[in-house]
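The values are calculated or read from the model by the stated rules, or taken from the named source; none is laboratory data. Only a predicted model underlies this, so the values are computations on that prediction, with no experimental measurement involved. We place every Cβ from the backbone using ideal geometry, glycine too, and count neighbours over all the protein chains shown. Only protein heavy atoms, including side chains, enter the accessible area calculation; ligands, DNA and RNA are left aside. Shrake-Rupley method; radii C 1.70, N 1.55, O 1.52, S 1.80 Å.
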Amino acid sequence: EKAIDEIAARNQVTSQVLKNELQKQGKSLTQYKKDLSEQIRRMKFMGQVIYPRIRIADEEIAKKAGKGASEEKRFRARLELLEARAPEEVVKFVDELRAKTYVEIKK
């Protein structure tokens, strides 16, 4: 509910208007909440597990942001680099988990 209220506020509409718009698009509030919850879980996972594993040199950020870029541009450049490298890092993470997992199947 809090996330829905925040989304409505960001879009400068009431929660009820947002709910009505969802209905017009054929989406149930229940499904929207479920999708939103999954997005939040994914963002937390990426921020806590995957992004910290990715190393980006200051030079790469400076090159992507441009010479004399503002802090905001540098932040956005870093985020873009993280997002670009995240899929590869997820694969590495899953492979590491698989390597640590051992299951013996007895007949």
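If I filter segment 79-102 for residues that are more than 18 Å from residue 49 (Cβ to Cβ), at pLDDT below 95 and open to solvent by 60 Å² or more (accessible area, probe 1.4 Å), do I get at least one hit?
Yes, there is a match, as at least one residue in segment 79-102 is more than 18 Å from residue 49 (Cβ to Cβ), at pLDDT below 95 and open to solvent by 60 Å² or more (accessible area, probe 1.4 Å).
Residues of segment 15-27 include none that is open to solvent by 50 Å² or more (accessible area, probe 1.4 Å), under 16 Å from the mean Cα position of the chain (by Cα) and small (Gly, Ala, Ser).
What is the residue count in segment 28-50 for residues that are of a type in the set (Asp, Glu) and open to solvent by less than 90 Å² (accessible area, probe 1.4 Å)?
Of segment 28-50, the ones of a type in the set (Asp, Glu) are 35, 38.
Of the ones still in play, those that are also open to solvent by less than 90 Å² (accessible area, probe 1.4 Å) are 35.
The total comes to 1.
Being hydrophobic (A, V, I, L, M, F, W, C), part of a helix (DSSP H, G or I) and open to solvent by 80 Å² or more (accessible area, probe 1.4 Å), is that true of even one residue in segment 52-69? Please lay out each step first, then the result.
So the first thing to find is which residues in segment 52-69 are hydrophobic (A, V, I, L, M, F, W, C), and the list is 54, 56-57, 61-62, 65, 69.
Add one more test, that the residue is part of a helix (DSSP H, G or I), and what stays is 61-62, 65.
Next cut, open to solvent by 80 Å² or more (accessible area, probe 1.4 Å) only: none.
Checking segment 52-69: not a single residue is hydrophobic (A, V, I, L, M, F, W, C), part of a helix (DSSP H, G or I) and open to solvent by 80 Å² or more (accessible area, probe 1.4 Å).
Contact map, segment 11-39: first residue without any contact (Cβ under 8 Å) to a residue 40 or more places away in the chain and farther than 15 Å from residue 1 by Cβ, second residue outside any helix (DSSP H, G or I) and aliphatic (A, V, I, L, M), Cβ cut-off under 8 Å, separation 6 or more or different chains; pairs are 21/13.
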